[in-house]
Amino acid sequence: MKQISRLTFVLAFGLLALGGTSLAEAQARDFGVSRGRATFRSVASLETINGVSNSLTGSISLNPANLAATRGTLTVPISSIRTGIDLRDEHLRGSDWLDAAAHPNATFEITGVEGATSMTANQEAQFTLIGRFTLHGQTKNVLARVRARWDGSGGIRGRATFSIQLSDYNVTINRLVQEKVSNTIAITIDVRAAA
């Protein structure tokens with residue numbers, strides 16, 4: 001009789017331990033951006049402009065078993081954006097364009113997820129991030145297409161893509177450069193984050 005009780009105790013303890021592991025994995029974790037990059041692309045009739053910032057920072061609260069609860073904020077300093085031409089970068093940061101002095105950051109606030117409910121360890125997940133993008137002092141709702149991978153423990157890698165209209169953010173394209181700068185800007189965010 002004591003052997004059966006001991007076996008029952010061992011099995012019960014083992015199940016509780018496994019249940020505890022599953023429960024721990026199902027809880028939201030905070031992931032800090034360890035490496036982040038934001039790029040933008042403007043395709044106009046006379047010129048294509050590519051810009052990049054390797055200074056993206058932020059954090060994401062994510063529960064792989066409940067993606068709908070995902071929240072977070074990603075930030076890019078306007079002063080960190082480079083296009084390959086110093087004078088153009090200076091104009092980009094100036095008061096006639098993105099006005100880095102008055103509005104130093106572009107931010108993407110994650111408010112939810114659509115298109116997937118969970119992530120499986122070491123498998124790519126595709127879903128849509130729901131969020132608010134702030135640029136030039138204006139905030140608009142955006143949807144970003146995402147491809148991401150969770151390593152099953154403390155790491156996430158992902159790429160988000162979305163487009164904005166500069167006019168939605170009160171950025172006016174001077175008539176002299178309308179054929180060189182598009183109103184539509186494609187943005188890509190690449191993130192590696194660790195718990």
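The values are calculated or read from the model by the stated rules, or taken from the named source; none is laboratory data. What you see is a predicted model, and the numbers here were worked out from it, not measured in a lab. Backbone-built Cβ (ideal geometry, glycine too); neighbour counts: all protein chains shown. For accessibility, only protein heavy atoms count, side chains too; no ligands or nucleic acids. Shrake-Rupley method; radii C 1.70, N 1.55, O 1.52, S 1.80 Å.
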From SER95, SER118, residue being surrounded by fewer than 16 Cβ atoms within 10 Å (Cβ to Cβ) and without any contact (Cβ under 8 Å) to a residue 24 or more places away in the chain: SER95
Checking the condition within 18 Å of ARG41 (Cβ to Cβ) and without any contact (Cβ under 8 Å) to a residue 60 or more places away in the chain, which residue from GLN165, GLN178, GLN138 passes? GLN165
Among the residues of segment 127-180, what is the count of those that are among the polar types (S, T, N, Q), assigned to a strand (DSSP E or B), open to solvent by less than 70 Å² (accessible area, probe 1.4 Å) and farther than 16 Å from THR107 by Cβ? 3
So which of SER45, SER55, SER34 ends up being open to solvent by 30 Å² or more (accessible area, probe 1.4 Å), touching a residue at least 60 places away in the same chain (Cβ under 8 Å), outside any strand (DSSP E or B) and among the polar types (S, T, N, Q)? SER45
Note down all Cβ pairs under 7 Å where the first residue falls in segment 63-87 and is more than 30 Å from SER118 (Cα to Cα) and outside any strand (DSSP E or B), the second is open to solvent by 20 Å² or more (accessible area, probe 1.4 Å) and polar (S, T, N, Q), and they're at least six residues apart or on different chains. ILE78/ASN105; SER80/SER55; THR83/ASN50
Could you tell me which numbered condition PHE108 fails, if it satisfies all but one of (1) open to solvent by 40 Å² or more (accessible area, probe 1.4 Å); (2) in contact with a strand residue (DSSP E or B) (Cβ under 8 Å, 6 or more places away or on another chain)? (1)
